[in-house]
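Engineer: Input: one structure, supplied below.
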Amino acid sequence: MPVERIAPYVADFVRYAAEHPEMSFLVTAIGCGLAGHDPRDIAPMFSGATENVFLSEKLVAALRS
């Protein structure tokens with residue numbers, strides 16, 4: 001699935017997480033395994049996520065690079 005098709009789903013998730021601060025979410029590096037996407041392409045989609053969203057080390061590192 002191209003990154004452009006993944007982005008709306010991530011945006012929906014980020015909105016959902018913001019609407020549910022009582023919940024915690026652990027996010028893996030989606031699309032970065034068999035799908036072959038680079039974490040640097042996926043991580044920015046989560047940059048506006050609230051404090052209850054915890055990104056994997058791969059995604060955090062990609063945001064820092």
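The values are calculated or read from the model by the stated rules, or taken from the named source; none is laboratory data. The structure displayed is predicted, hence computed values, not measured ones. FYI the Cβ positions are ideal-geometry reconstructions off the backbone, even for glycines, and counts take in every protein chain you see. Please note that ligands, DNA and RNA were not included when accessible areas were found on the heavy atoms of the full protein model with its side chains. Shrake-Rupley method; radii C 1.70, N 1.55, O 1.52, S 1.80 Å.
Engineer: So for LEU55, LEU26, LEU63, what's the accessible-area order with a 1.4 Å probe, most first?
Structural biologist: LEU26, LEU63, LEU55
Engineer: Given H placed on each backbone N at 1.01 Å, which residues far from LEU55 in sequence or on other chains put an amide H within less than 5 Å of it?
Structural biologist: Long-range HN contacts for LEU55: VAL27.
Engineer: Give the residues of segment 1-44 whose amide nitrogen is closer than 16 Å to a point set 7 Å from the Cα of THR50 in the direction of its Cβ.
Structural biologist: 11-27
Engineer: Next question. Contact order normalised by length for the chain, with contacts defined as Cα pairs under 8 Å and 6 or more residues apart; what percent is it? Could the numbers behind the result be given before it?
Structural biologist: Values: 71 pairs, mean separation 24.9, N = 65.
Relative contact order of the chain: 38 percent.
Engineer: Using the 2.2 N^0.38 Å rule of thumb for compact globular proteins, work out how the chain stacks up: its C-alpha Rg over that value, please.
Structural biologist: In units of the 2.2 N^0.38 Å rule of thumb, it is 1.06.
Engineer: Count charges around THR50 for me, please; just the other residues with Cβ under 12 Å from its Cβ, Lys/Arg as +1, Asp/Glu as -1.
Structural biologist: Details: positive: ARG15; negative: GLU19, GLU22, GLU51.
Overall, the nearby charge balance is -2.
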